[in-house]
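S.K.: Questions regarding the structure given below will be posed in turn.
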Amino acid sequence: MDVMDAIRKRYSCRSYESREVPADVLDELLEAARLAPSARNFQDWRFVVVTEPKIRENLCRQALRQDFVRQAPVIIVACSSNPYVMRCGQRIGPIDVAIAMEHIVLAAVAKGLGACWLGAFKPYKVRQVLGIPSHIEIVDLLALGWPAQAGQSPDRLPTHRIACRNRWTF
Ligand SMILES: Cc1cc2nc3c(=O)[nH]c(=O)nc-3n(C[C@H](O)[C@H](O)[C@H](O)COP(=O)(O)O)c2cc1C
């Protein structure tokens with residue numbers, strides 16, 4: 001599957017089979033993250049891949065009880081240890097982590113998996129559950145697994161509403 005196919009096929013999957021994701025598939029997804037770009041090649045992202053049912057159940061409670069999170073056989077907790085702000089004023093940590101996470105998502109889709117980003121969670125609780133040190137920032141979570149049913153994305157704005165040429169014309 002080429003990248004555009006994976007991009008078009010991706011949607012936020014909120015229904016999963018209980019079937020496990022094989023370890024070699026997870027390794028390949030982490031390879032996709034490892035190869036992502038990062039500011040000054042810091043690579044200050046860290047990922048906790050949670051497959052143990054009791055820990056997943058606990059994470060689901062911290063993800064505001066979004067039920068589909070309980071179904072997903074894998075939850076990836078994406079963290080950053082990068083404290084820096086770029087000259088442009090943007091923080092490096094969340095940007096780098098987001099790029100790596102989307103590498104994971106698209107690689108997952110290319111393998112027939114589904115995934116859903118999760119920003120609705122209590123970071124201080126997730127920290128407790130996984131023993132993540134206080135200087136590490138928990139940026140986002142990702143539910144991952146085999147889709148239980150087909151899904152699709154909500155509509156998008158047309159390109160001319162989100163991009164202009166040469167000058168700001170919005
Ligand atoms: C940073 C981020 C956080 C998100 N958090 C959640 C979440 O907590 N729960 C959820 O169900 N979906 C979450 N989503 C999924 C968005 O709702 C979804 O991407 C958006 O509605 C577009 O739909 P699509 O992904 O199916 O194309 C999140 C997406 C992003 C990028």
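A short reminder: the numbers here are calculations on the coordinates, not readings from a lab. All values derive from a computational prediction rather than experimental measurement. With ideal geometry, Cβ positions are generated from the backbone for all residues, glycine too; neighbour counts draw on all protein chains shown.
S.K.: Please name whichever of 75, 118, 50 sits farthest to the positive end of the charge dipole of the chain, dipole taken about the Cα centre and charges placed at Cβ: Lys and Arg +1, Asp and Glu -1.
M.R.: 118
S.K.: Something else about it: What's the magnitude of the charge dipole for the chain around its Cα centre, counting Lys and Arg as +1 and Asp and Glu as -1 at the beta-carbon? Answer in Debye, nearest 20. Intermediate values should be presented prior to the final figure.
M.R.: On the way: 23 positive and 17 negative charges, 150 e Å.
Charge dipole of the chain: 720 debye, to the nearest 20.
S.K.: Rounded to the nearest 500, what is the 222 nm mean residue ellipticity of the chain from helices alone, with -39500 (n - 2.57) per DSSP H run of 4+ residues and division by all residues?
M.R.: For the chain, the value works out to -11000 deg cm²/dmol.
S.K.: Between rounded, prolate and oblate, where does the chain land on the alpha carbon gyration tensor, with a ≥ b ≥ c its root eigenvalues, rounded for a/c under 1.5, else prolate if a/b exceeds b/c? Write down the numbers at each step before the final one.
M.R.: Details: a/c = 1.64, a/b = 1.15, b/c = 1.43.
Note, shape of the chain comes out oblate.
S.K.: Next question, about the same structure. Can you put 24, 140 in order, fewest other beta carbons within 10 Å first? Intermediate values should be presented prior to the final figure.
M.R.: Working: 24 7, 140 18.
Going from sparsest to densest Cβ surroundings: 24, 140.
S.K.: Order these by the 10 Å Cβ neighbour count, fewest first: 162, 104.
M.R.: Final ranking by Cβ density, sparse to dense: 162, 104.
S.K.: Neighbouring Cβ atoms within 10 Å as the yardstick, rank 168, 45 fewest first.
M.R.: So the ranking, lowest neighbour count to highest, is 168, 45.
S.K.: Going by the alpha-carbon gyration tensor, a ≥ b ≥ c the square roots of its eigenvalues, is the stretch 7-100 rounded (a/c under 1.5) or, if a/c is not under 1.5, prolate (a/b greater than b/c) versus oblate?
M.R.: prolate
S.K.: Averaging sequence separations of C-alpha pairs under 8 Å and six or more residues apart, then dividing by the length of the chain, give the relative contact order as a whole percent.
M.R.: 34 percent
S.K.: Beyond a 23 Å Cα-Cα separation, which of these cross-linked pairs lie in this structure: 54/125; 9/111; 9/125?
M.R.: With Cα atoms farther than 23 Å apart: 9/125.
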